[in-house]
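What follows is a single structure, written as structure tokens, with notes after it.
Read-outs throughout are calculated quantities, based only on the coordinates presented, and are distinct from any laboratory measurement. The structure displayed is predicted, hence computed values, not measured ones. Every residue, glycine as well, gets a Cβ built from its backbone with ideal geometry; the counts of neighbours run over all protein chains shown.
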Amino acid sequence: MNKRPPGLVFIACTYLPQRQGKPLQATYRVPGRLAEGVERSLAHAVGMPGLKRACCQWETQRHTFHAKDGREYDITMVSDETVVGARRHWPDISIFEVVVETFTEEI
């Protein structure tokens, strides 16, 4: 994307050669008070679906998008475990995590 939404902080990029496709996985975090803006930015930029409450967290379905570099990427966003059941209380959730993954070999 070449454009990180405000509040989204890069944590690490990990190479996972033991997994099928040998993915590279970039992990980002955002505090709950900024999560709605990041969700909105990613929906606009790459079509990521909105987060939904499931069990004990907020999460998206895995979404695949093609970047300008021609590569295919998967993106997900998920909250910490929480009892928060309404979006208006997302600021009470300490951390949301965004994971972006791409494969380094054909599968």
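Which ones in the range 28-40 are among the charged types (D, E, K, R) and either farther than 30 Å from residue 89 by Cα or part of a strand (DSSP E or B) (or both)? So that I can check it myself, show each step before the final result.
Restricting attention to the range 28-40, the residues satisfying the condition of being among the charged types (D, E, K, R) are 29, 33, 36, 39-40.
Passing the criteria: only 29.
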Legend entry - Residues satisfying the stated conditions in the range 41-72, i.e. in a helix (DSSP H, G or I), more than 12 Å from the chain's Cα centre (by Cα) and touching a residue at least 12 places away in the same chain (Cβ under 8 Å): 45
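Of the residues 25, 18, which is among the polar types (S, T, N, Q), out of contact with any Lys or Arg (no Cβ under 6 Å at 6 or more places or on another chain) and part of a loop (DSSP other than H, G, I, E, B)?
Selected residue: 18, the only one of 25, 18 that is among the polar types (S, T, N, Q), out of contact with any Lys or Arg (no Cβ under 6 Å at 6 or more places or on another chain) and part of a loop (DSSP other than H, G, I, E, B).
Regarding residue 12, is this residue surrounded by 14 or more Cβ atoms within 10 Å (Cβ to Cβ) and either outside any loop (DSSP other than H, G, I, E, B) or touching a residue at least 40 places away in the same chain (Cβ under 8 Å) (or both)?
Against the criterion (surrounded by 14 or more Cβ atoms within 10 Å (Cβ to Cβ) and either outside any loop (DSSP other than H, G, I, E, B) or touching a residue at least 40 places away in the same chain (Cβ under 8 Å) (or both)), residue 12 does not qualify.
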Legend entry - Residue among 44, 89 that is of a type outside the set (Phe, Trp, Tyr), exposed (fewer than 11 other Cβ atoms within 10 Å of the Cβ) and out of contact with any Ser or Thr (no Cβ under 7 Å at 6 or more places or on another chain): 44
